[in-house]
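Reading through the structure tokens given below for one structure.
The values are calculated or read from the model by the stated rules, or taken from the named source; none is laboratory data. These numbers were taken from a predicted model, which means no experiment stands behind them. Glycine gets a Cβ as well: all are built from the backbone with ideal geometry, and neighbour counts include every protein chain shown.
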Protein chains: 2
Amino acid sequence: MTASALASSPRQCGCRAQVTVSNRGGTLYDADMTNDELFAGTAVKNWKLVVDRLNTTTATLSDEAMQKEVSPGRNRVYYLIGHLTAVHDRMFPLLGLGERLHPELDEQFLVKPDRTVPETVAAADLRKAFVEVNTQLTAAIEALPPADWLKRHAAVSDEDFAKEPLRNRIAVLQSRTAHASFHEGQIRLTRER
Amino acid sequence: MTASALASSPRQCGCRAQVTVSNRGGTLYDADMTNDELFAGTAVKNWKLVVDRLNTTTATLSDEAMQKEVSPGRNRVYYLIGHLTAVHDRMFPLLGLGERLHPELDEQFLVKPDRTVPETVAAADLRKAFVEVNTQLTAAIEALPPADWLKRHAAVSDEDFAKEPLRNRIAVLQSRTAHASFHEGQIRLTRER
């Protein structure tokens, strides 16, 4: 199979952007990058691809579209946007990148299921918080020196980390990238065709 | 916030496994691992977490459960399992890990949308192919020397790779991990509660 055939097959699953090996953004990189820079840079780029796509989708959602369930009886888009905002907000202390911006979201969007507590946040404010958290978090992620990604995250002790060095910060980044993509696949189901 | 609070918050979105910073599998690692080994090992571990979860889910699906749509009018689980099998099968040549096992799946599960061609594969055979591809692919992924992850993948030319070194093999692995998680989020919606 040729390189172009590998890169260009049509896809019908709503995930086009995901299986394209793209260089969206078109950044050119220094040919003298170290291995640490290449490994960290690739993981950060994958995070940005997923989060930028979610930011773009979220910015265009109407209040009404946020009330849609991703499948009958399942979470509303409103809940998933709040959930992702809270999970990403918790990455600040988990990665040693600073204080959280919106700890008040945890009760409604992490602790409780959808539609079980009075809504404390308007849809427009939630969209704003989502982009705010992602923008500030991504800036801090991009500023982290490459080798620091191999340090322990805040939810593992020094003792455990000595035995399990893969419980590092970049494991959190990659786990959260997969998590964001998990819910992106669900949110995508509500889009008009 | 304490480490245990960060690690143990309850979640109600069906994504519990995804936001836990876990060391599922419990492997202990050599404390003398190089940075290349740590970076590559973390990405491979994240791939395995997502794919192992999908393998487990798929193994328990009945033929009837595979006929369910993830949301009304959207893809069936049957199609998404075939789609993921084809996408993962294409990773063998893309990563330089060998020949594909099931190129015959592309027409039905990559080129054409769901329910537009006669079904050529029985649900039971598709479940088998899915686990077969993932098992052999993951074994090849685990055997790749860490620094080889920074080499170019087969869909980028030498010339382009010289300018854009983040178009490497580990970018493919991370992109496909996010892609698998994207569809896992959709398949999860069909589970009984």
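Some observations on this one:
- Boolean, B:Ala154 is farther than 25 Å from A:Arg53 by Cα, among the aliphatic types (A, V, I, L, M) and surrounded by fewer than 16 Cβ atoms within 10 Å (Cβ to Cβ): no
- Residue match in the stretch B:138-146 (condition: more than 10 Å from chain A (Cβ to nearest Cβ), of a type in the set (Gly, Ala, Ser) and in contact (Cβ under 8 Å) with a residue 12 or more places away in the chain): yes
- Test: residue in the stretch B:88-97 that is charged (D, E, K, R) and either away from chain A (no Cβ under 12 Å) or touching a strand residue (DSSP E or B) at 6+ places or on another chain (Cβ under 8 Å) (or both): no
- Search result, residues across the stretch B:95-110 that are hydrophobic (A, V, I, L, M, F, W, C) and in a loop (DSSP other than H, G, I, E, B): B:Leu95, B:Leu97, B:Leu101
- Residue match in the stretch B:154-169 (condition: among the hydroxyl-bearing types (Ser, Thr, Tyr) and either within 12 Å of chain A (Cβ to nearest Cβ) or under 19 Å from the mean Cα position of the chain (by Cα) (or both)): yes
- Boolean, A:Ala86 is of a type in the set (A, V, I, L, M), more than 23 Å from A:Ala178 (Cα to Cα) and modelled with pLDDT of 95 or more: no
- When B:Glu164, B:Glu104 are checked against the criterion of being over 23 Å from A:Gly185 (Cβ atoms), surrounded by fewer than 15 Cβ atoms within 10 Å (Cβ to Cβ) and acidic (Asp, Glu), B:Glu104 stands alone in meeting it.
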